[in-house]
Every structure is written in C-alpha cells, then in structure tokens.
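The values are calculated or read from the model by the stated rules, or taken from the named source; none is laboratory data. Because the structure is a prediction, the values reported are computed rather than measured. Here the Cβ is made from the backbone with ideal geometry for all residues, glycine too, and neighbour counts use every protein chain on show.
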Amino acid sequence: MPYLPIDPADLGRNYEAVIRVNSQSGKGGIAYLLEKDHGLRLPRRLQVEFSQAVQAIADSTGKELTSADLWAAFAAEYLQPKQPFQFVEHRSAPDSHASGTCKLTATIRERGRERLISGKGNGPIDAFTDALNRHCGLDVRVVDYHEHAIGVGASANAVSYVEIRMDDRVSLFGVGMDSNIVTASLNAVISAVNRALRQSEDAGERRSEPKPRMAERKAG
C-alpha cells in the first residue's frame, strides 16, 4: 500500500509538534530543532557527529528528548568544557616581515594556570593553532570552518564551527560563541582540542581496563 502524505495542519498540529527525538532519530530532526529554537545552523558533518551523542543520551535514558534537552546536550558537549584549555584573550597584527601573515599572541589557561603563547599563520585561526602546537606540544590541523550570526544589531552573536584533526586521528568539531567573530573562532578551536583530548583519554582508559578472564574449562 502506498504511503499518503499528511499535512500536520489537517490534524490541527504543526511540524514542530510531530518532531520527536529518540535513539532512532536521524540528524535532520535534531538539526531542525537546534536551528528553529536556538539559531544554530550546524554543518552537515557536525549534524552527524552530534546526532551520535544524542542517540547515546536517548539510549541511556530511554526517553524522548525535547528541544531544551538538545540545547543542554549541545552546550555540555561543545560550549561548557574548559579543561584542560581555556581561551582568555588575544592580540593579533600583520607580520611586518611576511606579507599576508598574521602574528598572534594569546593568553590561555592550561589546567587553571595562565600562560602566554604566540604563533604565525595566514589568519588568526591558523596563527592560534600554530601557537598551540608550538607551546603546548599539540599537533592540531584545521580541516574546515563555518560561521554565522545569531540575532541582529548590537545583541547579535557570532557562532563558529571549527573542524580539526589532531595527531592524524579522526576529525571532530568544536564550537565557539561570542559577540566577536575572531574570539568565537578561537574558542571553537579550544573546544575542538578539549574534545579531542577528552576522547583520547577515554579511549586510553578503556584500553587499560582489565579484560574479563574466560572461565577455565574443566578437564575431561
């Protein structure tokens, strides 16, 4: 039997009312709610990445997630973690010795301790990742970058999505929000680095867990 499309308005409802997010939900409904209710326009690969986190939450709780739940999960995953690194401030200027090169000095906190780092690149993001690699022993490479504004006028905020690859592992995203687009972008780099380090630590802990021993078979 063919499926017949039904307009929710025919049932006295709207599209928002029929969207439910659970462990079987696809990335489309999740992305739709984040954009409609919170102004976030997630890049496609970030939609896939975040949908996996949402499905894990839905699996563990056994409940459907509301739009507010999605925002809380997104903030907890991408915006709130401040360890081991936290961005504080930066200063940048063109490099007088190299045309098209940016020199950047940034203050960060590493496990609560403030430190000054500096680097060069073809823009603030490139220079910031150079500074992290030089001073913090990291191997960070930016793979992709997206940005957009939320709101209008003086109350508008910039949202930056930065995809990185660290130590040649699988790429992942970080997100930053600020009234200044450069600050949002550098916060997004820090967000991605912290997530990559956290995932690496989690993987190391899983590998170090003792494996259950197989029961010894009784002899003949």
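Here is how the numbers come out for the structure above:
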| item | result |
| --- | --- |
| Odd one out for F85, checked against (1) surrounded by fewer than 12 Cβ atoms within 10 Å (Cβ to Cβ); (2) under 20 Å from A127 (Cα atoms) | (1) |
| Qualifying residues in the stretch 65-108 (those that are over 21 Å from the mean Cα position of the chain (by Cα) and not in a strand (DSSP E or B)) - the one nearest to V175 (Cα to Cα) | T101 |
| One residue from A73, A106, A131, A58 being aliphatic (A, V, I, L, M) and either without any contact (Cβ under 8 Å) to a residue 24 or more places away in the chain or surrounded by fewer than 17 Cβ atoms within 10 Å (Cβ to Cβ) (or both) | A73 |
| Which listed residue is surrounded by fewer than 20 Cβ atoms within 10 Å (Cβ to Cβ), assigned to a helix (DSSP H, G or I) and touching a strand residue (DSSP E or B) at 6+ places or on another chain (Cβ under 7 Å), from N194, N187 | N194 |
| Residues of the stretch 161-179 that turn out to be touching a strand residue (DSSP E or B) at 6+ places or on another chain (Cβ under 8 Å) and more than 17 Å from V48 (Cα to Cα), as a count | 5 |
| Where K63 falls short, out of the listed (1) at pLDDT 95 or above; (2) in contact with an Asp or Glu (Cβ under 9 Å, 6 or more places away or on another chain) | (1) |
| Residue within the stretch 109-121 that is in contact (Cβ under 8 Å) with a residue 60 or more places away in the chain and closer than 19 Å to A192 by Cβ present | no |
| Some residue of the stretch 149-157 being closer than 23 Å to F74 by Cα, in contact (Cβ under 8 Å) with a residue 60 or more places away in the chain and touching a helix residue (DSSP H, G or I) at 6+ places or on another chain (Cβ under 6 Å) | no |
| Selection from the stretch 109-134 of residues that are part of a helix (DSSP H, G or I) and over 17 Å from A188 (Cβ atoms) | R134 |
| Breaking point among (1) part of a helix (DSSP H, G or I); (2) surrounded by 14 or more Cβ atoms within 10 Å (Cβ to Cβ); (3) of a type outside the set (S, T, Y), for L138 | (1) |
| Residue within the stretch 87-94 that is acidic (D, E) and either touching a Leu at 6+ places or on another chain (Cβ under 7 Å) or modelled with pLDDT under 95 (or both) present | no |
| Check on S92, in the same structural domain as H146 (by TED's automatic domain parsing) and under 24 Å from H146 (Cα atoms) | yes |
| Flag if I164 is crowded, with 17+ Cβ neighbours inside 10 Å and either of a type in the set (G, A, S) or in a helix (DSSP H, G or I) (or both) | no |
